[in-house]
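Working notes, structure below.
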Amino acid sequence: MSHRRLHVCLKSILLFVIATSLSAAFAQRSGSIVIFAPHPDDEVIGCAGIMMQSLARGERVKVVAITSGDGFPGAAAGVAHKAVDQVGPDDFFALSRFRQLQSRTALGILGGKAEDLIVLGYPDGDLGNLYESTDDKVIRQQFTKKNETYALIQKDYHTSVHDKPAVYRRSSVLGDLVELLTTLQPTEIYVTDETDGHIDHRAAFWFVRDAARKVGYKGAFYTYLVHGLPAWPFPTGVTPNQPFESRKVKGEVVPRGLPWPPPRRVPLTHEQAERKLRSIQAHNIPVVGMPEHQSEMESFVKSEEVFWTPLGSLQ
Ligand SMILES: [Zn+2]
């Protein structure tokens with residue numbers, strides 16, 4: 001072998017080594033995160049910090065809104081400027097459109113893109129009924145009268161993939177989730193915790209857990225708490241310099257049913273906490289008449305985000 005040929009050969013080996021170590025380094029950093037939100041807003045309340053930190057690292061982040069956000073009469077009345085007893089299906093559709101747009105706006109504030117939001121379009125308020133419906137019966141939502149998936153700012157997930165909506169039944173929710181996990185192949189899943197005070201949030205946990213088991217998911221499985229019992233979060237108010245705290249209410253440790261300290265605490269910089277506040281406010285400003293709801297949501301702005309691992313390892 002001539003010196004020149006040896007030189008070329010060594011050069012290609014060197015280039016190969018650099019290329020493989022670079023791709024290995026990239027592979028280690030390229031996580032794929034899926035945040036499951038029962039309603040459009042839960043994702044930023046629980047996971048805005050995780051979302052912006054992952055996006056900043058160049059990881060893939062998908063937000064999956066399981067319901068259309070169409071089952072909250074007080075908010076429908078607020079958006080429509082009507083009395084609560086005057087709202088009809090169109091007002092719930094308007095609310096749904098509104099909340100989905102807010103999720104898209106909030107995602108943009110955190111550095112995400114419109115296509116990172118996936119709306120399954122199941123009925124707000126009925127996730128528990130769907131999960132418990134072991135005979136797989138079709139459910140009609142009381143406010144919209146709909147019995148199949150829909151989204152208003154984009155196609156709902158099932159329509160976007162199958163050209164037709166999915167009927168509101170237990171097997172449809174599970175089927176969509178299994179399909180999504182198979183397609184997205186996440187390395188981290190986030191969903192609301194089973195101890196949450198809202199039935200949709202508990203049912204979201206059960207559905208996502210079942211889907212993860214069905215596909216043999218081996219990644220990390222985290223839960224976040226929104227409606228913690230009997231009162232959560234603490235301290236109340238926007239406190240970007242303070243961590244979440246446990247406390248005792250009438251002798252009971254809060255949050256109820258969860259270990260404290262939580263197994264995972266993710267620090268947020270002051271700038272990240274500020275952006276989290278803006279992403280939460282993107283959800284709230286137009287919904288009038290519920291200041292206590294807004295201040296409760298803003299109380300999730302802390303110096304950290306906290307997560308639990310109730311399933312341990314799914315393996
Ligand atoms: Zn919710």
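What is the residue count in region 235-250 for residues that are without any contact (Cβ under 8 Å) to a residue 60 or more places away in the chain and either open to solvent by 60 Å² or more (accessible area, probe 1.4 Å) or within 23 Å of A37 (Cβ to Cβ) (or both)? The qualifying residues number 4.
Of all residues in region 81-113, those being touching a residue at least 40 places away in the same chain (Cβ under 8 Å) and within 30 Å of E271 (Cβ to Cβ) number 14.
Of the residues making up region 14-48, those that are farther than 19 Å from G71 by Cβ, at pLDDT 95 or above and not aliphatic (A, V, I, L, M) are S32, G46, C47.
The residue pairs whose first member lies in region 117-128 and is farther than 17 Å from F205 by Cβ and assigned to a strand (DSSP E or B), whose second member is open to solvent by 10 Å² or more (accessible area, probe 1.4 Å) and small (G, A, S), and whose beta carbons are closer than 7 Å, counting only pairs six or more residues apart or on different chains, are V119/A151; G121/A151.
Among the residues of region 186-196, those that are more than 11 Å from the ligand (Cβ to nearest atom) and in a loop (DSSP other than H, G, I, E, B) comprise P186, T187, D193, E194, T195.
Within region 163-172, being outside any helix (DSSP H, G or I) and either open to solvent by 40 Å² or more (accessible area, probe 1.4 Å) or on the phi > 0 side of the Ramachandran plot (or both) holds for D163, K164, P165, V167, R169. Of the residues making up region 262-292, those that are open to solvent by 40 Å² or more (accessible area, probe 1.4 Å) and touching a strand residue (DSSP E or B) at 6+ places or on another chain (Cβ under 8 Å) are P263, R264, R265, P267. Taken together, the residues in region 35-68 that are open to solvent by 10 Å² or more (accessible area, probe 1.4 Å), over 18 Å from L181 (Cα atoms), away from the ligand (no atom under 13 Å from the Cβ) and not aliphatic (A, V, I, L, M) amount to 3.
Just one of the listed residues (G88, G175) is under 27 Å from V61 (Cα atoms) and surrounded by fewer than 21 Cβ atoms within 10 Å (Cβ to Cβ), and it is G175. Tell me, which residue of region 178-207 that is of a type in the set (S, T, N, Q) and touching a residue at least 60 places away in the same chain (Cβ under 8 Å) is surrounded by the fewest Cβ atoms within 10 Å (Cβ to Cβ)? Among those residues, the one meeting the criterion is Q185.
Assessment of region 197-209 against the conditions (assigned to a helix (DSSP H, G or I), more than 14 Å from G46 (Cα to Cα) and more than 16 Å from the ligand (Cβ to nearest atom)) yields at least one matching residue.
The values are calculated or read from the model by the stated rules, or taken from the named source; none is laboratory data. All values reported here derive from a predicted model rather than from experimental measurement. Cβ: placed from backbone, ideal geometry, glycine included. Neighbour counts: every protein chain shown. To get the accessible areas, we keep the full protein, side chains included, count just its heavy atoms, and leave off ligands, DNA and RNA. Shrake-Rupley method; radii C 1.70, N 1.55, O 1.52, S 1.80 Å.
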